[in-house]
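To keep things clear, I will list the structure first and then write my remarks on it.
The values are calculated or read from the model by the stated rules, or taken from the named source; none is laboratory data. Remember, it's a predicted structure, so these values are computed and weren't measured experimentally. Neighbour counts are summed over all protein chains in view; Cβ atoms, including those assigned to glycine, are modelled from backbone coordinates with ideal geometry. Just the protein is used for accessible areas: all its heavy atoms, side chains included, with ligands, DNA and RNA removed. Shrake-Rupley method; radii C 1.70, N 1.55, O 1.52, S 1.80 Å.
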Amino acid sequence: MKSEILYSGAFPMVRIELLAGESVKAESGAMVASSPTIDVDSKMEGGFLGALSRKVLSGEKFFFQTLRATRGPGEVLLAPTVPGDILIFELDGMNEYLVQKDGFLAGAEEIKIESKIQSLSRGLLGGEGFFILKITGKGPLALNSFGAIHTVTLQPDQEYIVDNSHLVAWTATTSYNIEKAAAGWIASLTSGEGFVCRFRGPGMVYIQSRNPRGFGSWVRQFLPTTE
Amino acid sequence: MDKPHNALYFSRTHPASGCPCHLEVLPGGLTVSVSESSVETVPLERLSIKSGGFDYDHLILSWTTDGDERQMYVKDPIVIASLATLTAPEVSRHIARSIKDTSRARQATKMWIWLTMASLMAILVGLWAASDVLVQVAVHRIPIEWEHTLGESARQQVLMGQRVITEGPTVDAVQNMTKRLAGQLHDSPYRFRATVVRNETVNAMALPGGSVIVYTGLLKQADSPEEVAGVLAHELSHVVLRHGMESMVQSAGLMTIVMVVLGNQQGAIGALERLGIQITSLKFSRDKETAADLHGLHLLDEADISPAGMIAFFERLAKSDGMPTALLSTHPMSAERAARLKREASSLPRVSPVPLDVDWAAVKASL
């Protein structure tokens, strides 16, 4: 399997070349185009209950699609719904990635995707909701973001603070706490930051340069109101 | 050949995502093989151990080599077990504590899930238990005028395709009985109006707002005008007790109830009107039937009509087989219900009934 990002920037696409028999797992609805040799197969990841829990719990799609080169080699083009960057990297089989629920775009068939519940405080204040995806296994993984993706690398015990609505993914070796952005409650709320996540290394944190919720409320002011 | 990876190794000189490595636990210490050329041995006494990771299912081993802090994330159960057996008692205790922490964290998560599910269930059960009360509250918010509008649209839908009898002894008789019964309902905001339909089905119904529809099949089946009056009294009671409205609101669902309760009554009336067609097949709960029975019985009593006709008619209907009795399917007659009616009737003060002003022979002849 070979992959490359086309049109890097706001509106990228991933081109994945599959050898005969190879397959790739993708977010449902992500396929833009494919060679005629590719078959699309919809799959409930983790069985019916797993899929149901992922749909109900994390709001992720009930089905993932599997794109398989059953009738010879070919290519598929995949793209996320929102404008923003795509990041492709290899899962090493040891690192576990936690991904906010809209962040998964595609990955090797062998990778495993589960819904995870966050603790009460993280769920309420973390900005990604109570449910996130835990992605493990070995093989390439493509994440997508709203805006550009920025990678933060943390050495052991190194700390970094991220506004919670800018999180895309992080490795499980990092630990994080939710805290107020400023020392006082009033300053935290009036600064527009509210709550932030304090990450502690070692590990990687992937952040997005735009905040979907902030963009949503910016757009809302231009929408005509109905009676 | 490379040894299989079973841990993640972190140091300042390695990538921040960690290096997958092979970890071996030997009596003398840990052997960490990042690659064939890079093998590090760490004496067990230099290790500090804690639990970590998203699910608290990793052991984090830390030590310092040449002033550089190193960390190792281990999840492999075999490695964790051998660490626990080989390390000094206090370290073993630490590992045991870490394992306990992990299971406690998992239990806390599980408990949280169960608590959430239990509270959701409790809310659902609570809503279900309170649904009758909610329905009544919602129905109370519906103005009588709307009931008239709804009832009228339901009446038109019921009468669509039916042959309505507009005059003659049957119409006179049914209207006369309705008037006599309605006369007892002082202060009632409803306008009671009876319509007779030529249809062989044994049926009668009362619609919200006060419209009563009687099928000729029912009149054919009745042996006396008191029996017809009994059915009418029961049906009028459903109107007065607003059972039709309650059933409509129940079928329309909680959203309608909420809309009505919160005051968005325009939306609710549309939803209920769309459901108007179903009013003919709406079944009332046993409680509502009993309530209508008892209310009807008292209504007959107040109008000086013998309640025996009502009981006899419903009882006979229950025994008859193979007849198209729509009335029975919406008003199931049980022995219990009949007994209850008889008991209630016998408790009423005995007054001599005043015969109905109906030419029963002419009614029967016209059917």
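Rounded to the nearest 0.05, what FRET efficiency do B:Glu167 and B:Ser251 give with R0 = 41 Å and r taken as the Cβ-Cβ distance? Could you check?
On the way: r = 35 Å, r/R0 = 0.87.
My answer for the efficiency is 0.70.
Taking a 1.4 Å probe, which of B:Val351, A:Val24, A:Val82 shows the most accessible area, and what order do the others take after it? Please list the in-between numbers first.
Numbers: B:Val351 85, A:Val24 0, A:Val82 65 Å².
From most exposed to least exposed: B:Val351, A:Val82, A:Val24.
Considering only C-alpha atoms, what is the centroid distance from the range A:77-109 to the range B:108-143, in Å?
Centre-to-centre (Cα) distance: 39 Å.
With a 1.4 Å probe and every protein chain left in place, tell me how much accessible area B:His243 has, in Å² to the nearest 10.
10 Å²
What value, in deg cm²/dmol to 500, does the helix sum -39500 (n - 2.57) over DSSP H runs of n ≥ 4 give at 222 nm once divided by the residues of chain B?
Calculated at 222 nm, the ellipticity per residue is -17500 deg cm²/dmol.
Give me the net charge of B:Gly52's neighbourhood, meaning all other residues with Cβ under 11 Å from the Cβ of B:Gly52; Lys, Arg count +1, Asp, Glu -1.
0
In a shell of Cβ-Cβ distance under 11 Å around B:Thr109, excluding B:Thr109 itself, what net charge do Lys and Arg (+1) and Asp and Glu (-1) give?
That sum, taken over residues with Cβ under 11 Å, equals +3.
Ranked from the most accessible area to the least, with a 1.4 Å probe and all protein chains present, what is the order of B:Phe192, B:Phe10?
On the way: B:Phe192 45, B:Phe10 5 Å².
Ranked from most to least accessible, the order is B:Phe192, B:Phe10.
If I take R0 = 22 Å and measure r between the Cβ atoms of B:Asp223 and B:Ala361 in this structure, what FRET efficiency does the formula 1/(1 + (r/R0)^6) give, to the nearest 0.05? Mind dumping the intermediate values first?
Numbers: r = 12 Å, r/R0 = 0.57.
Working from the Cβ atoms, E equals 0.95.
Before we go on, tell me the buried accessible area for the A/B pair, both chains summed, 1.4 Å probe, in Å² to the nearest 100.
Separately minus together, A and B give about 2000 Å² buried.
With a 1.4 Å probe and every protein chain left in place, tell me how much accessible area B:Trp360 has, in Å² to the nearest 10.
40 Å²
On a 27 Å Cα-Cα criterion, which of the cross-link pairs A:Lys138/A:Lys180; A:Lys2/A:Lys116; B:Lys288/B:Lys319 come out too long?
Pairs exceeding 27 Å: A:Lys138/A:Lys180; A:Lys2/A:Lys116.
To the nearest whole number, what is the average tally of beta carbon atoms from other chains within 10 Å of the beta carbons of peptide B:101-110?
Values: counts 0, 0, 0, 0, 1, 0, 0, 2, 5, 1.
Mean partner shielding for this stretch: 1.
When only C-alpha pairs under 8 Å and at least 6 residues apart count, what is the relative contact order of chain B, in percent?
13 percent
Need the C-alpha centroid separation for the range A:198-227 versus the range B:151-224, integer Å.
Distance between centres, Cα-based: 63 Å.
With every protein chain kept in the model, how would you rank A:Arg15, B:Arg106 by accessible area, 1.4 Å probe, largest at the top?
Of A:Arg15, B:Arg106, the descending order of accessible area is B:Arg106, A:Arg15.
Quick one: if the Förster radius is 56 Å, what FRET efficiency do B:Ile123 and A:Glu90 give, using the C-beta to C-beta distance and rounding to 0.05?
0.80
Counting only heavy atoms of the protein chains, get the accessible area per residue of the range B:7-105 (1.4 Å probe) and round it to a whole Å² value.
47 Å²
Sticking with the crude label model, points 7 Å out along Cα→Cβ, report the distance from B:Arg46 to A:Arg198 in nm, one decimal please.
The answer from the label model is 3.1 nm.
A:Ala148 versus B:Glu336, label points 7 Å from Cα toward the beta carbon: distance in nm?
7.4 nm
Label A:Met1 and B:Arg350 with points 7 Å out from Cα along Cα→Cβ: what is the distance between them in nm?
About 9.2 nm, to one decimal.
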